[in-house]
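Reviewing the structure listed below.
Each reported figure results from applying straightforward, stated rules to the coordinates on display, with no laboratory input. A quick note: this is a predicted structure, and the numbers were derived from the prediction, not measured. Positions of Cβ are generated from backbone atoms using ideal geometry, with glycine treated the same way; all protein chains shown enter the neighbour counts.
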Amino acid sequence: MLAACTIDSKKPADGDGDFAPSLPPAPPVLRPLPIPSVSTPSQGVHRLVAAVGSTQILPDINTTTWGFNGPFLGPTIRLSRGEDCVIECENRLPEDTAIHCHGMLLPAPMDGGPHSPIRPNETWRAEFRVEQPAATLWYHPHIHGRTGVQAYRGLAGMIIIDDDVEDTLDLPRDYGVDDIPVVIMDANFTSDGQLDENLDLTVGLQGEKVFVNGIVDPEFQATTRKVRFRLLNASTMRFHNIGFSDGRRFYSIASDTGLLGSPRKVDSVRLGPGERNEIVVEIQPKETVLLVSGGFPDNLGVPKGVMVPDFKLQETATLVTIRGTTHSPTSRHDDGASVPAVLDPSAAAPVDLSEARERSFELNTFEINGQAMDMHRIDFAIDHSDPEIWWVTNGNSDWIHNFHVHNCAFQVLESSPTDVEFDAYGWKDTVTIPPGVTVKLGVLFGQYRNRHYPYMYHCHMLYHEDQGMMGQFMMINKGESPELDTAYTQDPRNVRGLHGH
Ligand SMILES: [Cu+2]
């Protein structure tokens, strides 16, 4: 049995009051925070249609974007543990896509990775049983080489899993009222208000404008004192250090793949691309406070002057202006911002890794263990049902990477050597790895077997992933050997620019 997480000893104490962002001026025009609709299954099927549309990310400017069931982003898919679910996605885009449920434990053919392309005018179907705890997950494209630009254009949506443990806790859960999805993205705009897709060869598609649920400068009217925000960093490359304009403390209650064992009182949470965190904060009647991306005082370990301007690690942005109203009693959660002292006890239980197989991964721009992604190469196969220990090293001395593994949940057991703070609490599927740092992960996998379809592990900075920073593993039965039966090659004729060129 391993000792409990040792990472805490290297970090400042929780909520130590050092979150003090210098903020940009107050936004001039505020619009109500859009709340993505909740998908209603039709005859048991959650149906997504990916298509080109037009939306006003910036006020009064129509921008051509991509979305599911609408011009930008997609509906929130709400699922319950134990449920048999069906998700269908129709591709009305001018090029191939693929839809991956990020953080979901499911059979490899349902994983929606690069081997499950959806050709234009085709529909792809995923069927699986939800077999994991309550969590905030999301769905996004995963077509090899085009994931970054497709996500940048707006293809992303939230998935909320409910379960009996979460349901018994006194937490805000009235969707759109006191339980608020916060999908954070960024983009650059051309002079005529279109998405600027000029690729920066250092940082890919990373934007000056940061926006939430599809618009810049949103305003949220809090009608209860206790509000839960489900934070999703859906940026393709940008890291966010998220807190409040007055440095107030709040509770972090969940990480990527589920509730924490107990809440953490903090003044900021750090999210790399793809990561999630659920927070609960108290909002006073009639007050105004900003949810902000506050920048990283420690540059996430990136040496000053090297990549700092490019990665925007020092830049701040207002995410949401929050106003407390007079608190009409619309919710039972009107008793201040206390949260249960115990959330999910099983999340805190140590995992027996005494028999765990160990693997090592070294990340270097843009390779993993010295190899770039090859759709035809299976990097390794797992033929047992035990947890594994993965040692993941960022071999770059001045680049960050953000490591993600499909069909699993992991704990960050140790990290070395660093004084850099990054969010490594609870059960995760994606972890920031600062330059030169090694993390030790205790990994639990979904237990489906398939010798024809792989799962992916990759850097979730989507430009890095698209450049080949990805590998493939299979979950197979003992004695089997992997045999990829798809030799999917993207048809270059299907890859077009946003505006048809
Ligand atoms: Cu990377």
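Any idea how far apart T288 and K209 come out in nm if each label point goes 7 Å out from Cα toward Cβ?
Distance between the two pseudo-spin positions: 2.2 nm.
Can you give the extra length, in nm with one decimal, that the chain gains between V45 and V29 once fully stretched, where that is 0.36 nm per residue apart less the Cα-Cα distance?
Result for the pair: 1.9 nm of gain on full extension.
Could you calculate the FRET efficiency of A348 with R125 from 1/(1 + (r/R0)^6), where r is the beta carbon distance between them and R0 is 45 Å, rounded to 0.05?
About 0.75, to the nearest 0.05.
How high is the relative contact order of the chain, in percent, with contacts defined as C-alpha pairs under 8 Å that are six or more residues apart?
17
For the residues F19, F68, F366, what sequence is obtained by ranking on other C-beta atoms within 10 Å, fewest first?
F366, F19, F68
Pulled fully out, how much extra length does the chain show between S262 and S397, if you take 0.36 nm times their separation in residues and subtract their Cα-Cα distance?
Full extension of this stretch gives 45.2 nm more.
If you restrict to DSSP beta bridges whose two residues both lie in the chain, what percentage is antiparallel, to the nearest 5?
Here the share of antiparallel DSSP bridges comes out near 70 percent.
What are the radius of gyration and Dmax of the stretch 357-475, computed over its Cα atoms and given in Å?
13.5, 42
Determine, at each q value in 0.14 (inverse angstroms), the log₁₀ of I(q)/I(0) that the Debye formula gives when each Cα of the stretch 105-234 is one equal point scatterer.
-0.84
What's the exposure ranking of R125, R230, going from fewest to most Cβ atoms within 10 Å?
In order of increasing Cβ crowding within 10 Å: R125, R230.
Under the rule of at least 5 residues apart or a separate chain, name every residue whose amide H is placed under 5 Å from the amide H of D196.
N188, F189, T190
Between R92 and D374, how many nm apart are label points set 7 Å from Cα along the C-beta direction?
For R92 paired with D374, the spin-label model returns 4.1 nm.
Name the residues whose placed amide hydrogens come within less than 5 Å of the amide hydrogen of I159, ignoring near sequence neighbours (fewer than 5 apart) on the same chain.
Those qualifying (amide H under 5 Å, at least 5 residues apart or on another chain) are I77, L137, W138, Y139.
Be a star and scan the stretch 456-479 for residues whose amide nitrogen sits under 12 Å from the point 7 Å along the Cα-to-Cβ vector of R449.
In the stretch 456-479, the label zone of R449 (backbone N under 12 Å from the point 7 Å along Cα→Cβ) covers 475-479.
Over all directions, average the projected area of the Cα convex hull of the chain and note it in nm².
If you wrap the Cα atoms of the chain in a convex hull and average its projections, you get 21.8 nm².
Once label points are set 7 Å from the Cα along Cα→Cβ at both D174 and S338, what is their separation, rounded to one decimal in nm?
So the two model labels end up 2.0 nm from each other.
Working out 0.36 nm times the residue gap between S385 and N364, then minus their Cα-Cα distance, what length gain in nm do you get to one decimal?
Residue separation times 0.36 nm, minus the Cα-Cα distance, leaves 4.6 nm.
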